[in-house]
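Taking it in order: structure first as structure tokens, then the write-up.
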Amino acid sequence: ITLENEKLFAKTLDGTYDLTTEILTFPGEIAAEGKDGTFAGSLQGGVYDNKSGIFKGKNFDGTYTQYRVTADEAEYYYPEERITLTGNAKVQSKIKAGNILTGTKLIYYRKAEKMEIREGYDARYEEYTARGQDLFYEKQTGKMMGEKVRIGTNKGDFIDALRAEGLQGEMRIDFIENVTAARVSEGEKTDFAGDFVRLYVKQKGKDYEPVRVEAKGNVVIRQKDKEAKCQYLEYQFEKKRLYAKEDMVLVVTDEKNGRTEITGNICNVDGLSDTAQITGNFVLKNLNPQKESAEGRSERAFLNNKTKDADLQGQVRLENKEGILRADRVLYNLTSRKAKASGNVFMEYKKK
């Protein structure tokens, strides 16, 4: 028996046709092949409903362009050219065996070039892995949407979110709600959490690399001995530059200088030189290992984490156990705990 339309033809040994319901039933194996040469496959126990245009079968095993496709059940809806694979559905590259997509329910619209994945999936491509609940992708617009998304690499990098939305043309992905992430660069790990993250990437050969990230809402970044909190943040990966504002708090902890907490309105950090510039209501609080406290306040400040120098400018107020220092500008070193003041200097010593 041969079934044929303008897109494909299929062959099987025998079948039955119900004239009332217009349903064709094929108990044996069915071999199908696309007329354009891009598709070929087989399945067992096929049923074709002539009224609805739906063809169903079990134990599907086929090829589509450069991929091998298998599933427990397969359904083809002719009017929409919709292919639905359910139960251990798998799409695997014939060129690279490690590139594979598995899921409970995969839906592909050939005419519209759209793909839907329902009820969970696991995808592996080169060094990347992606897992989630539901996924939608439209090739023509490059739009992607996903639920309960986790994307990672074999280097230990990952990002999790309740939802994800992306545009391929803009090379960006938005991660929305309960976002957590980690990145390992030059042996150093950076952890992240926030409400919203927009990630821009660029293609480098066959791989994709992060270029810039924007984050909003309850942002927290932890790296070795540093922790930063704010409501808005931007970070450039290659230049290692960070911009933060709104409820900005930076905490640096080390054995030699103890705990240093810095707050301000706006913060610019240069990761390459390990320096920072804070403007607007700058406050620095330090508690050294000997439990001695020091506090500095100014309109703006320039910090060097390598040398532990702080350059405070504009209505400076510096206080430690010795006394209170006021000036237009104060150069202060966290390690030596020595200060050099200039401009309208006033010193008030505390009684011992």
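Coordinate-derived values only; no laboratory data. None of the values given here were measured: they were computed from a predicted structure. All Cβ positions, even for glycine, are placed from backbone atoms using ideal geometry, and neighbour counts span all protein chains on display.
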*Within straight-line cross-link reach of residue 7, lysines at Cα separation under 19 Å, skipping those fewer than 8 residues along the same chain*: 35, 51, 56, 111, 114
*Before anything else, pin down the relative contact order of the stretch 98-207: Cα pairs under 8 Å, at least 6 apart, normalised by residue count, whole percent.*
15 percent
*Using the Cα gyration tensor of the stretch 237-301, with a ≥ b ≥ c the square roots of its eigenvalues, what is the shape: rounded (a/c below 1.5), prolate (a/b larger than b/c) or oblate (neither)?*
oblate
*Alpha-carbon centroids, the stretch 315-335 and the stretch 262-310: separation in whole Å*: 12 Å
_Taking R0 as 51 Å, what FRET efficiency do you get between residue 145 and residue 340 from their Cβ-Cβ distance, rounded to the nearest 0.05?_
0.35
*Before anything else, pin down the relative contact order of the stretch 67-162: Cα pairs under 8 Å, at least 6 apart, normalised by residue count, whole percent.*
17 percent
*What relative contact order, as a whole-number percentage, does the chain give when Cα pairs under 8 Å and 6 or more residues apart are counted?*
5 percent
*Dividing the Cα radius of gyration by the Kirkwood radius, what Rg/Rh value follows for the stretch 18-143?*
0.99
*Please give every one of the lysines within straight-line cross-link reach of residue 239, meaning a C-alpha to C-alpha distance under 23 Å, and leave out same-chain neighbours fewer than 8 residues apart.*
155, 189, 202, 204, 206, 216, 224, 226, 229, 306, 308
*Given the peptides 33-44, 104-115, arrange them by the average over their residues of other C-beta atoms within 10 Å, most packed first.*
104-115, 33-44
_Taking every pair of distinct Cα atoms and averaging 1/r, then inverting, what Kirkwood hydrodynamic radius in Å comes out for the chain?_
24.7 Å
*Choice from 13, 325, 303 showing the highest fluctuation, given a GNM over the chain with Cα pairs closer than 10 Å*: 13
*asked:* Out of the trypsin sites (Lys or Arg not before Pro) in the stretch 199-302, which ones are loop residues according to DSSP with at most 15 other C-beta atoms within 10 Å?
replied: 206, 224, 239, 240, 256, 291
*Under 18 Å from the Cα of residue 321, which lysines turn up, not counting those fewer than eight places away in the same chain?*
285, 291, 338, 340, 350, 351, 352
*Describe numerically, in nm with one decimal, the distance between label points set 7 Å from Cα along Cα→Cβ at residue 119 and at residue 25.*
2.4 nm
